[in-house]
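Read the structure below first, then the notes.
The values are calculated or read from the model by the stated rules, or taken from the named source; none is laboratory data. Please read these numbers as outputs of a predicted model, since none were measured by experiment. Here Cβ is always computed from backbone atoms with ideal geometry, including for glycine, and neighbour counts include all displayed protein chains.
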Amino acid sequence: MIDTIIVRIHSSRESIERGMKKEVVKYYNGAKLIFRKSHLKLIGGNSTKINFSLSKFIQENNVEDVPREKLNIGVDAFIELLNIPCNQILLSRVDVAHSFTMKHSAHHYMSKFDMLDRFDKILSTNGNIKYVNKNVTLSFYDKLLEMRQHRAAIPVQYKNLSNEILRYELQIRNKIKDVIKYDSREPLTILALKDDRFLDLLVESWFGYFKKVLTARVIDLNFIPSVELLQPKDFSKLLQYKGVQKYGAKNIEAFLKNDVRDAVVRSRIRKSIKNAKEFASTIESRKTKTDIRGFAIKVSSVYYKKLAHLYVC
């Protein structure tokens with residue numbers, strides 16, 4: 001789904017608030033939808049910023065997916081509420097997210113996520129993970145825990161859920177067109193959220209970053225197989241991978257960048273580490289492989305449904 005968005009308007013907050021409508025009424029599948037001015041908080045002085053959850057604006061929660069037809073209605077209602085030309089409403093941030101019902105705790109899966117190239121990994125005290133660079137944030141967290149902490153209303157279908165909800169979000173904070181490779185010379189406005197091509201590219205990026213995280217995950221090796229089952233070179237690879245886990249991929253990469261000046265040597269070391277990880281994955285515990293594969297299948301299923309325009313991510 002499209003969750004948080006930020007729009008910017010090069011007009012004063014006072015003038016926009018003065019011209020806004022109090023409410024707008026729309027209909028979806030025969031149901032009445034009311035969008036109110038009070039649902040939006042405008043920030044600024046001579047220019048204006050509006051930061052809000054488009055999903056909550058449309059259906060009062062950001063757990064369930066929003067069908068694209070309903071998303072279009074919500075965007076139209078937002079423009080009508082503001083009561084200004086849509087080309088003045090510039091889109092500067094967009095979050096793409098989905099909540100997955102999981103067999104195990106959210107932290108069971110997140111504990112397998114490792115460092116990601118060109119991102120800083122931020123691990124919170126409650127085990128939630130963020131990967132951050134200058135334009136993008138990837139967030140993985142326990143959605144049920146977040147709703148309880150914020151005392152948010154939990155949708156009926158999730159209240160008695162014995163399973164866990166793992167949330168994955170792609171937050172594009174800057175250079176949206178560059179990040180998703182959206183080919184347009186025009187300024188990015190709120191109307192992009194009604195463009196199927198734009199939405200498809202958002203979904204492609206959401207899925208693409210997930211695959212990168214999955215490729216970079218930790219291989220779960222809580223045991224060392226019997227030496228009799230390994231060739232000496234394989235045992236060396238296993239010990240090398242365990243050493244990388246112990247020392248930390250981030251520390252090793254910092255060492256390679258700062259202390260290994262020979263580019264050829266750096267390349268060989270990186271290739272050696274990659275080969276060690278690939279070997280370790282062949283003897284990973286069956287349970288971990290099954291759990292991670294199950295999560296990957298869930299994400300892939302959502303990805304293809306969204307590309308089929310059944311939902312907006």
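Taking the conditions (1) over 16 Å from Gly19 (Cβ atoms); (2) surrounded by fewer than 18 Cβ atoms within 10 Å (Cβ to Cβ) in turn, Asp95 satisfies each one other than (2). Residues being more than 25 Å from Val66 (Cα to Cα), in contact (Cβ under 8 Å) with a residue 24 or more places away in the chain and within 16 Å of the chain's Cα centre (by Cα) are represented in the range 121-129 by at least one member. Scanning the range 93-144 for residues being modelled with pLDDT under 90 and among the basic types (Lys, Arg) gives a total of 4. Within the range 252-274, the residues that satisfy the criterion of being over 20 Å from Leu239 (Cβ atoms) and among the charged types (D, E, K, R) are Lys257, Asp259, Arg261, Asp262, Arg266. Mind listing whichever residues of the range 227-273 are in contact (Cβ under 8 Å) with a residue 40 or more places away in the chain and farther than 19 Å from Arg217 by Cα? Scanning the range 227-273 gives a single hit, Asp234.
Here's a check for you: in the range 117-150, which residue that is of a type in the set (A, V, I, L, M) and under 14 Å from Phe210 (Cα atoms) is surrounded by the fewest Cβ atoms within 10 Å (Cβ to Cβ)? Here the residue is Val132.
For beta carbons closer than 6 Å, sequence separation of 6+ or different chains, a first residue in the range 57-82 that is over 18 Å from Lys37 (Cα atoms) and a second that is among the small types (Gly, Ala, Ser) and buried (at least 18 other Cβ atoms within 10 Å of the Cβ), the qualifying pairs are Asn62/Ser53; Asn62/Ser55; Val63/Ser99; Val66/Ser55. Check the range 188-203 and report whether any residue there is over 30 Å from Pro85 (Cβ atoms), surrounded by fewer than 19 Cβ atoms within 10 Å (Cβ to Cβ) and modelled with pLDDT under 95. Checked the range 188-203: no residue is over 30 Å from Pro85 (Cβ atoms), surrounded by fewer than 19 Cβ atoms within 10 Å (Cβ to Cβ) and modelled with pLDDT under 95. When Ile50, Ile58 are checked against the criterion of being in contact with a Gly (Cβ under 7 Å, 6 or more places away or on another chain), at negative phi and among the aliphatic types (A, V, I, L, M), a single residue qualifies: Ile58. Of all residues in the range 12-28, which are closer than 16 Å to Ser47 by Cβ, within 33 Å of the chain's Cα centre (by Cα) and not in a loop (DSSP other than H, G, I, E, B)? Arg13, Ile16, Glu17 - these are the residues of the range 12-28 that are closer than 16 Å to Ser47 by Cβ, within 33 Å of the chain's Cα centre (by Cα) and not in a loop (DSSP other than H, G, I, E, B).
So is Ala216 at pLDDT 75 or above, in contact with an Asp or Glu (Cβ under 8 Å, 6 or more places away or on another chain) and small (Gly, Ala, Ser) or not? Considered against the rule, which asks whether it is at pLDDT 75 or above, in contact with an Asp or Glu (Cβ under 8 Å, 6 or more places away or on another chain) and small (Gly, Ala, Ser), Ala216 comes out as yes. Filtering the range 21-36 to residues that are hydrophobic (A, V, I, L, M, F, W, C) and either loosely packed, with under 13 Cβ neighbours inside 10 Å or more than 10 Å from Glu80 (Cβ to Cβ) (or both) leaves Val25, Ala31, Leu33, Ile34.
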